[in-house]
Amino acid sequence: MQKIEPISKDIVLVGGGHTHLAVLRNFGMRPMPGVRLTLIAKEIEAPYSGMLPGLVAGHYTYDECHIDLLRLANFAGARVIHGLADHIDPIARRVSISGRPSLAFDLLSIDVGSVARSNDLPGAAEFALPFKPISSFWPLWSTLERRMGQSDRPRNIVFIGGGAAGFEMVLAAAHRLKQICPADMPKLTLVAGRVLLPTLNARVRNTAKKSLRGACVELIEGDRVTDVSKTAVTLASGRVLPCEQALYSTSAMAPQWLGQTDLETDDVGFLLTRTTLQTSKHDHIFAVGDCATISKHPRPKAGVFAVRQGPVLAENLRRMLRGDPLKRYHPQRKYLNLLSTGDGRAIAAREGFSARGSWVWRWKDHIDRRFMKRFQALPSMGDMDDEEMRCGGCASKVGPATLTAALDRVEDDRSQDDAAIVDDGGPELRLETVDFFRAFWSDPYVFGEVAAHHALSDIYAMGGEPNTAQAICVLPYARPQIVSEDLYQLMEGARAAFAAANVKIIGGHTTEASETAVGFAVSGSVRRDGILRKSGMSVGDALILTKPIGTGILFAAAMRNKASAPEVFGVLSQMRSSPKEAVEILRMNNANALTDVTGFGLGGHLIEMLDGSDLCAELDLGSVPVYPGALAHAESGIASTLLPENLVLAINVKGTSMMRVDNAIFFDPQTAGGMIASLPALNAKNAINKLHKSGYTSASLIGYVREKGFGDPYVQVFGRFGQRPRSMQMELGRPGQSTDASSLVEGT
């Protein structure tokens, strides 16, 4: 039996800066037994600052200059918390995260970058686009770029700041805008302040000025901006520059929240550190990158220093845990500057040396791509056996055939409804349900929240109101303080979901095992005349699905480190939403039958409804919403471990286009999935519109219910997943009338 190493230490990394990227890769290459890493990141994709001008100029795609933090964290075996850290308590060793409980740590490292200083530039915060933080700049620039193709596009654009960032960005913009509007280019102006590129020598500055003239960029030196408005930029000299859009890259400042902690900072808010990269007062807290300044060796805020701090920080974190002396980091005084000029050329500068040309750009491009490759083309995580790759969530449940065979031997009579009905003789019926599964996600707060919503959906699917819940929690082996913290995070996530539903947690049970799992027994009630069952379908009913499908495939892909951060976090955002309002809308539109889509997949749960109603259905697969990425992963052969057992139900589905990929999605097990409702077809349009307005933007009409003839399959499908919906003529149960499915929903 393989020995399981209990978790003994928690390292928390705040921010996805360049230094932390190196730490994650380092721990992925050489894991430290008993040590758990957690990354708290506001952005799920980390931009590489050195390639941003090339992205603006159109030389790079978005993916080429961004690092997927989820994939990198998975490689490192680290948890990912998508959130904004906003306070640190160094004594209690806790970091606060906006909108959720604070998190405990043994060692903490901070790498949150810097922001553009706008305090001394009136109007900049309201009317100008800052280059930093980069993650915020790119969406704003993309919006501006789209505006350039419109009739009201800006005619005058002013760039503020004559440092390297301002110089590179104005030339990148010039190159890109020539492609977008070659016949009607806006006027570009760079206000450099005292001098262009003040940290570089006169020879480099002269070369840079030639590049600006060649791109038709007006350069203003010896003057500074004193005010920015919606239509103009005012200079200290009194000159007013007409301006429909301003962008600025002034001196950097630290994120304000760092100055509100008990950590020591310099005059502009940067954390002060020692040469060991530890903060000045606290041995167990490190700070690196642009947000920190080494007291004995202050340097400009440049990516070259953050990159070179990575190996030192990784080694010092290990040494701290072992109790060994720490390494010292001494930043170099001289370093190479490579400045892109937007046109496929670049300037190289170091001390008295300078050069310009396309070969310099190729050199810079090679360096940047080599850096990105270290974090994008990660070493193989190795082949896992079937046991290691077993899925979590509803994909970890027992399959329908196995479950039925067992229950047929122990139960004389059982309902296929979502919750058990207990008749106490009162005006309301009591509803009881229980759900339990292994973790599919490493963040215990989010996992607890999703698991609670999933358990509540059984009560809602019966038309009931949940009242109380009891928990069953399984925690991984760890030292007692870590077990306590994990349980706290897990239950706080569940409590948030239950509190929103006015459900009280009244008890529970805990145990330890090799991995996290959680379950909830939920009690509720429903009026006798308000109960909804799976078996209440009527001929002519429309079928509405409230959420996309594909969670099983996507989390199976995430286990293999194939799913991207946007794919996974996009799914999680919907899994964390309550189905309560959707059920209320469906009930208001006279839903005849309802169930939540969970372990047996859309196909399995729809077949349950049709079997209980002795009816069949026609479905347009093209109208079924599927989570982004799920179809592509299914086509590559990725599937959840429960899929093979779910596929025994495929005998009940017929359709000439029902191929392997379609079956994989149709029977994909869902965790915290949507509701599927059978309701009068004439109410479908109103129901869909109400669902969309209430935030269920993926809700779709997917088919109709029909009479079942002898030998008919339960489900007849048309089209394929991911294709444009076909125009389905379906009987509505009224002689001589039919309705085009696409006409029932506004805008379809």
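Structure values in brief
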read-out	value
Residue under evaluation GLY612, criteria (1) surrounded by fewer than 24 Cβ atoms within 10 Å (Cβ to Cβ); (2) of a type outside the set (Ser, Thr, Tyr); (3) over 22 Å from ASP458 (Cα atoms), criterion not met	(3)
Residue under evaluation ARG205, criteria (1) part of a helix (DSSP H, G or I); (2) in contact (Cβ under 8 Å) with a residue 60 or more places away in the chain; (3) within 29 Å of GLY123 (Cβ to Cβ); (4) open to solvent by 20 Å² or more (accessible area, probe 1.4 Å), criterion not met	(2)
Subset of the stretch 530-560 (residues that are at pLDDT 95 or above, within 20 Å of ARG587 (Cβ to Cβ) and of a type in the set (Gly, Ala, Ser))	SER538, GLY540, ALA542
Selection within the stretch 164-199 - in a loop (DSSP other than H, G, I, E, B) and either at positive phi or of a type in the set (Ser, Thr, Tyr) (or both)	LEU197, THR199
Count - residues of the stretch 615-649 that are open to solvent by less than 30 Å² (accessible area, probe 1.4 Å), among the hydrophobic types (A, V, I, L, M, F, W, C) and under 22 Å from ARG533 (Cα atoms)	4
The lone exception for VAL398 - which of (1) farther than 26 Å from TYR48 by Cβ; (2) modelled with pLDDT of 95 or more it fails	(2)
GLY113, sole failed condition from (1) surrounded by fewer than 20 Cβ atoms within 10 Å (Cβ to Cβ); (2) touching a helix residue (DSSP H, G or I) at 6+ places or on another chain (Cβ under 7 Å)	(1)
Residue under evaluation ASP343, criteria (1) surrounded by fewer than 15 Cβ atoms within 10 Å (Cβ to Cβ); (2) out of contact with any Asp or Glu (no Cβ under 9 Å at 6 or more places or on another chain); (3) farther than 30 Å from SER8 by Cα, criterion not met	(1)
Count of the stretch 283-297 residues which are over 32 Å from the mean Cα position of the chain (by Cα) and either in a loop (DSSP other than H, G, I, E, B) or in contact (Cβ under 8 Å) with a residue 40 or more places away in the chain (or both)	4
Scan of the stretch 346-360 for residues that are free of Cβ contacts under 8 Å to residues at least 40 places away in the same chain and in contact with a helix residue (DSSP H, G or I) (Cβ under 6 Å, 6 or more places away or on another chain), ordered by number	ALA346, ALA348
Hey, GLU43 closer than 23 Å to SER102 by Cβ and either open to solvent by 10 Å² or more (accessible area, probe 1.4 Å) or assigned to a loop (DSSP other than H, G, I, E, B) (or both) or not	yes
Some residue of the stretch 652-659 being more than 24 Å from VAL539 (Cα to Cα), at pLDDT 95 or above and open to solvent by 10 Å² or more (accessible area, probe 1.4 Å)	no
Of the criteria (1) open to solvent by 40 Å² or more (accessible area, probe 1.4 Å); (2) touching a residue at least 24 places away in the same chain (Cβ under 8 Å); (3) not hydroxyl-bearing (Ser, Thr, Tyr), which one LEU107 fails	(1)
The lone exception for LEU317 - which of (1) under 30 Å from THR279 (Cα atoms); (2) in contact (Cβ under 8 Å) with a residue 60 or more places away in the chain; (3) part of a loop (DSSP other than H, G, I, E, B) it fails	(3)
Members of the stretch 112-133 that are part of a loop (DSSP other than H, G, I, E, B), among the small types (Gly, Ala, Ser) and under 11 Å from VAL228 (Cα atoms)	SER118, GLY123
Filter result (open to solvent by 20 Å² or more (accessible area, probe 1.4 Å), in contact (Cβ under 8 Å) with a residue 40 or more places away in the chain and either closer than 30 Å to HIS59 by Cα or not basic (Lys, Arg) (or both)) within the stretch 320-337	MET320, LEU321, LEU326, HIS330, ASN337
Subset of the stretch 64-98 (residues that are part of a loop (DSSP other than H, G, I, E, B) and open to solvent by 20 Å² or more (accessible area, probe 1.4 Å))	GLY77, LEU84, ILE91, ALA92, ARG93, SER98
Qualifying residue in the stretch 306-316 (condition: open to solvent by 30 Å² or more (accessible area, probe 1.4 Å), in contact with a strand residue (DSSP E or B) (Cβ under 7 Å, 6 or more places away or on another chain) and at pLDDT 90 or above)	no
Extreme residue, farthest from LYS364 (Cα to Cα), among residues of the stretch 134-156 that are open to solvent by less than 40 Å² (accessible area, probe 1.4 Å) and under 30 Å from the mean Cα position of the chain (by Cα)	MET148
Top-ranked residue of the stretch 4-24 - restricted to ones that are in a loop (DSSP other than H, G, I, E, B) and out of contact with any helix residue (DSSP H, G or I) (no Cβ under 9 Å at 6 or more places or on another chain), ranked as surrounded by the most Cβ atoms within 10 Å (Cβ to Cβ)	GLU5
Exclusive hit being within 25 Å of PHE436 (Cα to Cα) and among the hydrophobic types (A, V, I, L, M, F, W, C), set LEU619, LEU610, LEU606, LEU586	LEU606
Boolean, ARG356 is in a strand (DSSP E or B) and either among the polar types (S, T, N, Q) or open to solvent by 80 Å² or more (accessible area, probe 1.4 Å) (or both)	yes
Some residue of the stretch 157-179 being at pLDDT below 90 and over 33 Å from the mean Cα position of the chain (by Cα)	no
Residue count for the stretch 493-525, restricted to those that are in contact with a Gly (Cβ under 7 Å, 6 or more places away or on another chain) and either without any contact (Cβ under 8 Å) to a residue 24 or more places away in the chain or not in a strand (DSSP E or B) (or both)	2
Residue in the stretch 436-453 that is under 28 Å from the mean Cα position of the chain (by Cα), among the charged types (D, E, K, R) and closer than 29 Å to ASN589 by Cβ present	yes
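Every residue, every condition in (1) closer than 25 Å to ALA558 by Cβ; (2) in a loop (DSSP other than H, G, I, E, B), yes or no:
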{"site": "ASP611", "(1), (2)": "no, no"}
{"site": "LEU619", "(1), (2)": "no, no"}
{"site": "GLY622", "(1), (2)": "no, no"}
{"site": "ALA634", "(1), (2)": "yes, no"}
{"site": "GLY637", "(1), (2)": "yes, yes"}
{"site": "VAL648", "(1), (2)": "no, no"}
{"site": "ILE651", "(1), (2)": "no, no"}
{"site": "ASN663", "(1), (2)": "yes, no"}
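Residues checked against (1) farther than 22 Å from LEU277 by Cα; (2) in contact with a Pro (Cβ under 7 Å, 6 or more places away or on another chain); (3) touching a residue at least 24 places away in the same chain (Cβ under 8 Å):
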{"site": "VAL23", "(1), (2), (3)": "no, no, yes"}
{"site": "PHE27", "(1), (2), (3)": "no, no, yes"}
{"site": "PRO33", "(1), (2), (3)": "yes, no, yes"}
{"site": "ASP63", "(1), (2), (3)": "yes, no, no"}
{"site": "ILE88", "(1), (2), (3)": "no, no, yes"}
{"site": "ARG93", "(1), (2), (3)": "no, no, yes"}
{"site": "SER114", "(1), (2), (3)": "no, no, yes"}
{"site": "LEU121", "(1), (2), (3)": "yes, no, yes"}
{"site": "PRO130", "(1), (2), (3)": "yes, no, yes"}
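The values are calculated or read from the model by the stated rules, or taken from the named source; none is laboratory data. Values in this document were obtained by computation on a predicted structure and should not be read as measured data. Every residue, glycine as well, gets a Cβ built from its backbone with ideal geometry; the counts of neighbours run over all protein chains shown. Keep in mind that these areas ignore ligands, DNA and RNA; they rest on the heavy atoms of the full protein, side chains included. Shrake-Rupley method; radii C 1.70, N 1.55, O 1.52, S 1.80 Å.
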